[in-house]
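Working notes, beginning with the structure itself.
The values are calculated or read from the model by the stated rules, or taken from the named source; none is laboratory data. None of these values were measured; they are calculated from a predicted model. Virtual Cβ from ideal backbone geometry, glycine too; neighbours counted across all protein chains shown. Keep in mind that these areas ignore ligands, DNA and RNA; they rest on the heavy atoms of the full protein, side chains included. Shrake-Rupley method; radii C 1.70, N 1.55, O 1.52, S 1.80 Å.
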Amino acid sequence: ILLFLPLLSIAQDDDTEFWGSIKFRKNVKGKFQLNLERQLRWVENTGEQKKNFTELGFKYKAHKKHSLALNVRLINEINVLNVLYEKASSFRSHFDLNSSWRFKKTSLNIKHRFRLQRSWDSDARIDKTYTRSKFGFMLKRKNASPYIDNEVFWDTSQGFHIDKHRFTVGLGLEIYDELKLKLFLRRQREIQSKTPDKKTIVGLGTQYKF
C-alpha cells in the first residue's frame, strides 16, 4: 500500500481505467518461449469496456541477461459514447530487446526494454509507429517482488518526438511455480499536447506457465 501512495496523491484528477489480463506461457526447446495473452480494459466513470485484445508472442533467450521478443496483437476498440457500441478492429506488432542485470549478493535487479512498435487501423493503413524505452528496478523476492519502472514513447510516424510517458509501481506475487500475479498502479500522460490526456491505470495480471 505504501508503494502506491505517491501516485494516488498526484493522480486524483486523472481519468481512471482498470486493466485485467490472463497470460499463458510455454517454454519450447530451452531458449524459446511461446506466450498467449488476453486483456480487457474498462473505464471507471461508466464501468464500460473500452478495449480488449488478444496477443501472441515469441521470445528467444539470446543470453543470460538479454532476450528478444516478437509479438502480434489483434485489438477491438469499443466506442462507449455511441449508443450502438460500435467496435473497430486494429492490428499491432512489436519487437523487443529485453535486458536484466542483478547486483551481486543482493536481490536488486535493473531491467530495460527497448521496443519498436507499429499499428494498423481497421482499413489496414499504418496508424502509429513508436520507439519505446522502459527502465526499472525490481527487488526480487521469493514470493513478493516490488518494482518501479519508467517508460517514454517516441512517435516516429510524425518525425521523432516524445509523445507519451508512463510511470508504474507494482508488485509481483508468486503463488506457486506455475502461477504468478501482478498488481500495479500506473500514471500515463501525453507530452506534446496543450490539453494532455492523463490517466491513472489500476492493473491485475495473471500468468500461468505450462
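See the values below:
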item: Residues located in the range 87-104, provided they are assigned to a strand (DSSP E or B) and either touching a helix residue (DSSP H, G or I) at 6+ places or on another chain (Cβ under 6 Å) or loosely packed, with under 14 Cβ neighbours inside 10 Å (or both); result: LYS87, ALA88, SER89, PHE95, TRP101
item: Matching residues in the range 148-192 - criterion: being open to solvent by 50 Å² or more (accessible area, probe 1.4 Å), of a type in the set (Asp, Glu) and within 22 Å of SER119 (Cα to Cα); result: GLU190
item: The range 71-86, subset in contact with a strand residue (DSSP E or B) (Cβ under 8 Å, 6 or more places away or on another chain) and at pLDDT below 70, residue surrounded by the most Cβ atoms within 10 Å (Cβ to Cβ); result: VAL80
item: Of the criteria (1) open to solvent by 40 Å² or more (accessible area, probe 1.4 Å); (2) over 25 Å from LEU56 (Cα atoms); (3) touching a Lys or Arg at 6+ places or on another chain (Cβ under 7 Å), which one PHE210 fails; result: (2)
item: Check on LYS134, among the charged types (D, E, K, R), open to solvent by less than 60 Å² (accessible area, probe 1.4 Å) and part of a strand (DSSP E or B); result: yes
item: Residues that are farther than 20 Å from ASP155 by Cα and either of a type in the set (A, V, I, L, M) or in a strand (DSSP E or B) (or both), drawn from the range 105-131; result: LEU108, ASN109, ILE110, LYS111
item: Odd one out for THR54, checked against (1) surrounded by 13 or more Cβ atoms within 10 Å (Cβ to Cβ); (2) of a type in the set (Val, Ile, Thr); (3) modelled with pLDDT under 95; result: (3)
item: Residue check for THR195: under 29 Å from LYS29 (Cβ atoms) and either open to solvent by 50 Å² or more (accessible area, probe 1.4 Å) or in contact (Cβ under 8 Å) with a residue 24 or more places away in the chain (or both); result: no
